[in-house]
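Written below as structure tokens is the structure these notes are about.
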Amino acid sequence: MNQLTDSYGRKIEYVRISVTDRCDLRCAYCMPVGFKDYREPAGWLHFDEIVRLASILSAHGTRRIRLTGGEPLLRKNLPDLVARLRDEANIPDVSVSTNAVRLPRFAKALKEAGLARVNISLDSLDREKIAKICGRDVLPQILAGIDAALEADLRPVKINMVLMPGVNDMEVEDMFNFCRERGLTLRMIETMPIGDTGRKTGTVSLQPVMAKLREEHGLIPVMIPLGGGPARYWQTPDGKTQIGFITPISDHFCETCNRVRLSVDGTIYLCLGQEARIEMRDLLRQHPDDDRPILDALRQGIEQKPWQHDFLQTPEKIVRFMSQTGG
Ligand code: SAM
Ligand code: SF4
């Protein structure tokens, strides 16, 4: 196997695939209220095209795929895609990031299709606050989605909490206890200046938050084998509760970046915080029976993967919203 590697020697073994840029929520840091500038369905990659690309990636080192969006559970027949990524593209680890609103309907089918686990966005335990952050009164649905994920054994169920100054940064302890009681893994995330939404939200540095939680709960560092993501994990002394910190702003992890992102229209973004990209859709359609041009484009493109983001130096740089890239 000839592993896809960038010019800095970083091996690409993790791909996040956006299956839609649409969403049923409008999280304040992600998608603006009133947003309608979606890609036309005719321009979306079909499942056949996604599976074909995933097969080529898999033959060259990709071991993990995360389906994301927008809200991935809005894409019709998502369990079929999960099964095909496992069986046809030979991806051993397929997971989903979701807002969980539709998870009660789909958790069981996703598990049966071979989905490994889910990450769920939950920024607050306060119903009114969630209504404000997400633009809809959905806390009960999200909580039902978490229960459905646990019931379907899509574990470890990870909770993604984006910390927003003055909005939910006072809820860290409550969220930690909520997750501890239910056997969930909490991951706190620093807001990135992606789109106006990300910039307007502001960032809470997780360094003092991490120090306080470590001291109060006697947390010890731990390696988590599943996921291969950027979070740094700690756990309680009894080993029962893990907590992860994703710190793209206060302590970035670019030197270990092992991923690229495929958007719904077939663009591969090589870095969340840069414009570098590879356009795959037309190539896939122009060469339905020959994988060589696809692989050549992947190789040449990945060679150009930027070394790091510039969120601190040029926070105004990324105009697209997270939901458009596939966060
Ligand atoms: N809709 C799904 C969800 O909410 O989990 C998947 C897509 S969402 C874009 C993926 C992740 O990106 C979520 O955990 C969300 O909190 C995070 N996210 C969105 N905008 C962000 C930003 N500006 N900074 C940091 N994280 C962000
Ligand atoms: Fe939708 Fe996820 Fe973005 Fe929230 S974070 S608006 S749920 S895509």
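Looking across region 85-111, just one residue is touching a residue at least 60 places away in the same chain (Cβ under 8 Å) and away from ligand 2 (no atom under 16 Å from the Cβ), and that is ASP93.
Yes or no, residue by residue, for (1) under 20 Å from ALA109 (Cβ atoms); (2) modelled with pLDDT of 95 or more; (3) in a loop (DSSP other than H, G, I, E, B); (4) within 16 Å of ligand 1 (Cβ to nearest atom):
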{"position": "GLN3", "(1), (2), (3), (4)": "no, no, yes, no"}
{"position": "GLY34", "(1), (2), (3), (4)": "no, no, yes, no"}
{"position": "ASP37", "(1), (2), (3), (4)": "no, no, yes, yes"}
{"position": "ALA42", "(1), (2), (3), (4)": "no, no, no, no"}
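Any residue at all in region 125-132 that is more than 28 Å from TYR38 (Cβ to Cβ) and either under 17 Å from the mean Cα position of the chain (by Cα) or buried (at least 18 other Cβ atoms within 10 Å of the Cβ) (or both)? Among the residues of region 125-132, not one is more than 28 Å from TYR38 (Cβ to Cβ) and either under 17 Å from the mean Cα position of the chain (by Cα) or buried (at least 18 other Cβ atoms within 10 Å of the Cβ) (or both), which makes the answer no.
Contact map, region 61-84: residues that are among the basic types (Lys, Arg) paired with residues that are within 13 Å of ligand 2 (Cβ to nearest atom) and in a loop (DSSP other than H, G, I, E, B), Cβ distance under 8 Å, separation 6+ or inter-chain. Pairs shown: ARG75/VAL19; ARG75/THR20; ARG75/GLY69. Among the criteria (1) within 30 Å of ASP153 (Cα to Cα); (2) touching a residue at least 24 places away in the same chain (Cβ under 8 Å); (3) in a loop (DSSP other than H, G, I, E, B); (4) not acidic (Asp, Glu), the one SER58 does not fulfil is (3).
Among the listed residues LYS212, LYS200, which satisfies the condition of being surrounded by fewer than 19 Cβ atoms within 10 Å (Cβ to Cβ), over 15 Å from the mean Cα position of the chain (by Cα) and within 16 Å of ligand 2 (Cβ to nearest atom)? Write out each step before concluding.
Details: LYS212 fails: within 16 Å of ligand 2 (Cβ to nearest atom).
So the residue among LYS212, LYS200 that is surrounded by fewer than 19 Cβ atoms within 10 Å (Cβ to Cβ), over 15 Å from the mean Cα position of the chain (by Cα) and within 16 Å of ligand 2 (Cβ to nearest atom) is LYS200.
Residue-level check: of (1) more than 16 Å from ligand 2 (Cβ to nearest atom); (2) under 15 Å from the mean Cα position of the chain (by Cα); (3) charged (D, E, K, R), ASP147 misses just (2).
Residues to consider are ILE159, ILE142; find the one that is more than 20 Å from THR203 (Cα to Cα) and touching a Leu at 6+ places or on another chain (Cβ under 7 Å). Steps first, please.
Details: ILE159 fails: more than 20 Å from THR203 (Cα to Cα).
Every option except ILE142 fails the conditions.
Taking (1) in a helix (DSSP H, G or I); (2) touching a helix residue (DSSP H, G or I) at 6+ places or on another chain (Cβ under 7 Å) in turn, ARG180 satisfies each apart from (2).
One line per residue, one yes/no per condition, for (1) closer than 22 Å to SER18 by Cα; (2) of a type outside the set (Ser, Thr, Tyr):
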{"position": "GLN274", "(1), (2)": "yes, yes"}
{"position": "GLU279", "(1), (2)": "yes, yes"}
{"position": "ASP290", "(1), (2)": "no, yes"}
{"position": "ALA297", "(1), (2)": "yes, yes"}
{"position": "ASP310", "(1), (2)": "no, yes"}
{"position": "THR314", "(1), (2)": "no, no"}
{"position": "VAL319", "(1), (2)": "yes, yes"}
{"position": "SER323", "(1), (2)": "yes, no"}
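Quick check on region 316-324. Is at least one of its residues in a strand (DSSP E or B), within 16 Å of ligand 2 (Cβ to nearest atom) and in contact (Cβ under 8 Å) with a residue 60 or more places away in the chain? No, region 316-324 contains no residue that is in a strand (DSSP E or B), within 16 Å of ligand 2 (Cβ to nearest atom) and in contact (Cβ under 8 Å) with a residue 60 or more places away in the chain.
Considering region 174-199 alone, what residues qualify as being farther than 18 Å from HIS252 by Cβ, of a type in the set (D, E, K, R) and touching a residue at least 24 places away in the same chain (Cβ under 8 Å)? The answer is ASP174, ARG180, ARG182, ASP196. Evaluate region 277-294: report whether one residue or more is crowded, with 16+ Cβ neighbours inside 10 Å, modelled with pLDDT under 95 and among the β-branched types (Val, Ile, Thr). For region 277-294, residues crowded, with 16+ Cβ neighbours inside 10 Å, modelled with pLDDT under 95 and among the β-branched types (Val, Ile, Thr): absent. Within region 137-151, is even one residue more than 30 Å from VAL167 (Cα to Cα), within 16 Å of ligand 1 (Cβ to nearest atom), modelled with pLDDT of 95 or more and crowded, with 17+ Cβ neighbours inside 10 Å? The answer is no, given that none of the residues of region 137-151 is more than 30 Å from VAL167 (Cα to Cα), within 16 Å of ligand 1 (Cβ to nearest atom), modelled with pLDDT of 95 or more and crowded, with 17+ Cβ neighbours inside 10 Å. Taken over region 61-84, the criterion of being within 16 Å of LEU262 (Cβ to Cβ), more than 16 Å from ligand 2 (Cβ to nearest atom) and not in a helix (DSSP H, G or I) is satisfied by GLY61, THR62, ARG63, ARG64, ILE65.
The values are calculated or read from the model by the stated rules, or taken from the named source; none is laboratory data. Nothing here was measured: the structure is a model prediction, and the numbers come from that model. Using ideal geometry, Cβ is built from the backbone for each residue, glycine included, and neighbour counts are taken over all protein chains shown.
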